[in-house]
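Take a look at the structure below.
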Amino acid sequence: MRPSPVVSAIGTGALAFGMVLAAAPGALAAPGPLPQSPSPEAEAVSMQEALERDLGLTPFEAEELLTAQDTATEVDEAAAEAAGDAYGGSVFDTDSMELTVLVTDSTAVEAVEAAGAEAEVVSHGTEGLDAIVQDLNEADTEPGVVGWYPDVEGDTVVLEVLEGSGADVDALLADAGVDASAVEVTTTSEQPEMYANIIGGLAYYMGGRCSVGFPATNASGQPGFVTAGHCGNVGTRVTIGNGRGVFERSVFPGNDAAFVRGTSNFTLTNLVSRYNSGGYATVSGSSQAPIGSSVCRSGSTTGWHCGTIQARGQSVSYPQGTVYNMTRTSVCAEPGDSGGSFISGTQAQGVTSGGSGNCTWGGTTYYQEVNPALNAWGIQLRTS
């Protein structure tokens, strides 16, 4: 007998498939591969080898850089002692491999240069910049200001403001008692977030990698999120940043839905990450969008992509089992995007199940409608 198109509250979860399946028609948007644990050989990689790998240096360049840094550390200690109270910090340039020692009193320049370092006179230095940062720390927060930090090389405090936020920087500086000339204001499109904030589209790990669908609470009011059933069995443990959770509900095949309950450090939001497009989409409900509507998907492999809803009620025969009542879209997806959010406007639509193609040459992606799972399991989406 064909399984009911309504997600059942009783079901066995699927295996967390780790293979790349999305290239074949009707394949699951499989969990992305989890990076391998460091092998003994990897743990033995020297710093020089790591610099060659990560900074694109030749063996000679990496060795030269490490030698120059060791020398700079010794010179910096001597220069700091020579400068005394005028010492304002130091900056090492990895391109020129030169050390510049900052001083707040010009009379210390000669002593610093005698110690073997270039000297530069600055107004604030590390102590002065730290004091400005502390003043800002003690002021009232200003919406749209996402952070500040001391830029020792520039001898200023950099204040980061979210692009388009209209943050009142002058009010913040006045409240902090900070001179505007000591601050450099820059804009950013990225809103910092705690790693355990549960946001649609972010990655979670369970021996592989899938994506958060929508933050939600279960029938008991406990925090968690909806995602794809093929990502884990009931009882499968999950990590997301410094948060921990467990698959409380999971059904696949027949349907492809699951609820992960947070067991520690889960902070719910009503947000879906727009990744490469910047910022977040907000979720205010789960009203079903008409066929033909535009719909966007968020996932931890390919980020934010959009298309249109082409059909509802599609049966899809994956190699791992058949699912029913899927919604067909023109949005692309790839392994690791599984479970991620489909949203139209501010309305949650579903979670990524599988498809064909990829985000290089396109394809078809199916999602499990979210409302049947919400209704069957008594789940409430976070909408504020």
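Key figures
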quantity: Efficiency of FRET between residue 187 and residue 277 - r from beta-carbon atoms, R0 22 angstrom, step 0.05; calculated: 0.85
quantity: For the stretch 189-306, the Rg and Dmax computed from alpha carbons only, in angstrom; calculated: 13.9, 41
quantity: Residue among 331, 157, 351 with the largest mean-square fluctuation in a Gaussian network model of the chain, springs linking Cα atoms under 10 Å; calculated: 157
quantity: Percent of C-alpha pairs per 10 Å bin, the stretch 49-198, short to long; calculated: 11, 29, 26, 26, 9, 0
quantity: Residues residue 49 and residue 106, FRET efficiency given R0 of 45 Å [Cβ-Cβ distance, rounded to 0.05]; calculated: 0.55
quantity: Label-point gap, in nm, between residue 66 and residue 267 - each point 7 angstrom along Cα→Cβ; calculated: 3.9 nm
quantity: The chain: antiparallel DSSP beta bridges as a percent of all, rounded to 5; calculated: 85 percent
quantity: Sites residue 94 and residue 219 - FRET efficiency at Förster radius 41 Å, r taken between beta-carbons, to 0.05; calculated: 0.15
quantity: Per residue, in Å², the accessible surface of the chain once ligands and nucleic acids are set aside, probe 1.4 Å; calculated: 47 Å²
quantity: Solvent exposure, largest accessible area first (probe 1.4 Å, DNA, RNA and ligands not counted), of 359, 210, 306; calculated: 306, 359, 210
quantity: Whole-percent carbon and sulfur share, accessible surface of the chain, 1.4 Å; calculated: 49 percent
quantity: √(5λ) per eigenvalue of the Cα gyration tensor, the chain, largest first, Å; calculated: 50, 26, 17
quantity: Compactness index (Cα Rg / 2.2 N^0.38 Å), the stretch 238-384; calculated: 0.99
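The values are calculated or read from the model by the stated rules, or taken from the named source; none is laboratory data. Worth saying up front: this structure is predicted, and the values here are computed from it rather than measured. Note that we place each Cβ from the backbone using ideal geometry, even for glycine, and neighbour counts take in every protein chain shown. The protein model used for the area step is the full one, side chains on, heavy atoms only, and it has no ligands, DNA or RNA in it. Shrake-Rupley method; radii C 1.70, N 1.55, O 1.52, S 1.80 Å.
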